[in-house]
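The values are calculated or read from the model by the stated rules, or taken from the named source; none is laboratory data. All of these numbers come straight from a predicted model, not from anything done at the bench. Neighbour counts run over all protein chains shown; Cβ positions are idealised from the backbone, glycine included.
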Amino acid sequence: DAMVIQNPRYQVTQFGKPVTLSCSQTLNHNVMYWYQQKSSQAPKLLFHYYDKDFNNEADTPDNFQSRRPNTSFCFLDIRSPGLGDAAMYLCATSSDGGAFHEQFFGPGTRLTVL
Amino acid sequence: AQSVTQLGSHVSVSEGALVLLRCNYSSSVPPYLFWYVQYPNQGLQLLLKYTSAATLVKGINGFEAEFKKSETSFHLTKPSAHMSDAAEYFCAVSASDGQNFVFGPGTRLSVLP
């Protein structure tokens, strides 16, 4: 089945230690998104790639970076995680040529910062 | 710009009872509207979507929603709640060109035996 995969599902890092979260997709979608979701809150869009074009949300901290080496993979890098960065990180994809811009979500990576 | 409000951060129903989760939107252009469900420690799954076709939209797991332009609403309903419906539900809106996709704050549904 076509899907969005996130690894790892659970990630523990130390305060200030860089961490990378991974997302891959078999849907061949040209748009990939990263969301941050804190407990009992809605997902908050951090940034997205439209093909190779990177689009950063205005309020996304500089501590968060992203890379998309090819259509299938996208990475979220947190350069110096703080305690406030502990959250669920969700990757999603959509196809601008597909039906109505529906977003398909991965299972998420839960990040713990010690 | 688009925005979404969901009345009631937490809704409890008895098993077998009607489920009604409220969503109101604001949009300066014709909207696309979505309902997503999120089970604990999982990603979001699309339940249904409105994209300017039929105003009554049927989705998975017995859910449906009706787009009412005059009320700027897109409420989610299910005739009979099941224990497995307990989850977080998010309404979302985007412009018809896919821009400005915005989630509502979510409603946690509890189903009581």
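Please count how many residues of segment B:49-74 are at negative phi and either free of Cβ contacts under 8 Å to residues at least 12 places away in the same chain or surrounded by fewer than 19 Cβ atoms within 10 Å (Cβ to Cβ) (or both).
Counting residues in segment B:49-74 that are at negative phi and either free of Cβ contacts under 8 Å to residues at least 12 places away in the same chain or surrounded by fewer than 19 Cβ atoms within 10 Å (Cβ to Cβ) (or both) gives 16.
Filter segment B:32-63 for residues that are part of a loop (DSSP other than H, G, I, E, B), away from every other protein chain (no Cβ under 11 Å) and among the aliphatic types (A, V, I, L, M) and give the result.
Step one: filter segment B:32-63 for residues part of a loop (DSSP other than H, G, I, E, B), giving B:39-43, B:51-55, B:59, B:63.
Right, trim to away from every other protein chain (no Cβ under 11 Å) and you get B:54-55, B:59, B:63.
Scanning segment B:32-63 gives a single hit, B:54.
Which one of these is farther than 20 Å from residue A:41 by Cβ, within 10 Å of the chain's Cα centre (by Cα) and modelled with pLDDT of 90 or more: B:64, B:71?
Values: B:71 fails: within 10 Å of the chain's Cα centre (by Cα).
Among B:64, B:71, only B:64 is farther than 20 Å from residue A:41 by Cβ, within 10 Å of the chain's Cα centre (by Cα) and modelled with pLDDT of 90 or more.
Quick grid of which residues meet (1) over 26 Å from residue B:104 (Cα atoms); (2) in a loop (DSSP other than H, G, I, E, B):
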position: A:35; (1), (2): no, no
position: A:39; (1), (2): no, yes
position: A:45; (1), (2): no, no
position: A:66; (1), (2): no, no
position: A:71; (1), (2): yes, yes
position: A:76; (1), (2): no, no
position: A:80; (1), (2): yes, yes
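Restricting segment B:78-113 to residues that are loosely packed, with under 14 Cβ neighbours inside 10 Å and away from chain A (no Cβ under 14 Å), which is nearest to residue B:27 (Cα to Cα)?
B:79
Quick one: how many residues across segment A:49-102 are touching a helix residue (DSSP H, G or I) at 6+ places or on another chain (Cβ under 8 Å) and not hydrophobic (A, V, I, L, M, F, W, C)?
1
Filter segment B:1-31 for residues that are over 10 Å from the mean Cα position of the chain (by Cα) and in a strand (DSSP E or B) and give the result. Lay out the reasoning, then the answer.
In the first step, residues of segment B:1-31 are kept if they are over 10 Å from the mean Cα position of the chain (by Cα); the result is B:1-5, B:7-19, B:25-31.
Selection gives B:3, B:4, B:5, B:10, B:11, B:12, B:13, B:14, B:19, B:25, B:26, B:31.
Residue check, residue A:44 against (1) among the basic types (Lys, Arg); (2) surrounded by fewer than 13 Cβ atoms within 10 Å (Cβ to Cβ); (3) within 11 Å of chain B (Cβ to nearest Cβ), all met but one. Which one?
Of (1) among the basic types (Lys, Arg); (2) surrounded by fewer than 13 Cβ atoms within 10 Å (Cβ to Cβ); (3) within 11 Å of chain B (Cβ to nearest Cβ), only one is false for residue A:44: (2).
Do we have residue A:92 as hydrophobic (A, V, I, L, M, F, W, C) and more than 23 Å from residue A:17 (Cα to Cα) here?
Details: hydrophobic (A, V, I, L, M, F, W, C): yes; more than 23 Å from residue A:17 (Cα to Cα): yes.
Judged against the criteria, residue A:92 is a match.
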